[in-house]
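Here's the structure we're looking at; comments come further down.
The numbers here are math on the coordinates, done by the rules we state, and not lab data. Every value quoted in this text rests on a predicted model; they were computed, and no experiment measured them. So basically every Cβ, Gly included, is an ideal-geometry build from the backbone, and we count neighbours across all protein chains shown.
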Amino acid sequence: QVQLVESGGGLVQAGGSLRLSCAASGGTFSRYAMGWFRQAPGKEREFVAATRWAAENVYYGEYADSVKGRFIISRDNAENAVYLQMNSLKPADTAVYYCAADDRLVIRSTPEYWGQGTQVTVSS
């Protein structure tokens, strides 16, 4: 099985930045699609960003329209980690952010593995 642990959440002012980290273990990391989802109060869990396999050790980032141009996903296969750099944060970004993994080239809407989540709160 794959285990995921998120970190880096916290309280930040609007316009600020945070960098979320996800440490993975228990699988062949380079073969897994990795992504980030979030769930705001009263809303369904939604897709935020994911890595899309393009070639061996080459990945492209995919993003929800709401975060394009502000968030950047990256991964470090040597460290079994995926990151989400969050810039120009807005109060609407407030949510619990979840790291996810899937044994696929492209992550599914319901990935196989989830972390426990990390809270991101953006104040105005």
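Of 92, 78, 50, which is the most mobile in a GNM of the chain whose springs link Cα atoms less than 10 angstrom apart? Taking springs between Cα atoms under 10 Å, the residue moving most is 78.
Checking every one of the trypsin sites (Lys or Arg not before Pro) in segment 1-70 against DSSP loop status and a limit of 12 other Cβ atoms within 10 Å picks out 43, 68. Amide H to amide H, with H built 1.01 Å from N, residue 52 comes under 5 Å of 60, 61, 62, counting only residues 5 or more places away or on other chains.
When only the Cβ of Lys, Arg, Asp and Glu is charged (+1, +1, -1, -1), the dipole of the chain relative to its Cα centre reaches about 260 debye. The distance separating the Cα centre of segment 34-72 from that of segment 90-124 comes to 8 Å.
Taking label points 7 Å from Cα along the Cα-to-Cβ direction, residue 109 and residue 43 give a separation of 1.7 nm. Among the GluC sites (Glu not before Pro) in segment 42-118, those placed in a DSSP loop whose Cβ has at most 16 other Cβ atoms within 10 Å are 44, 56, 112.
Each Cα pair under 8 Å and six or more residues apart adds its sequence gap; the mean of these over the residue count of the chain is a relative contact order of 36 percent. Annotation: amide H-H contacts under 5 Å for residue 117 (H modelled 1.01 Å from N, sequence separation of 5 or more, or interchain): 6, 99.
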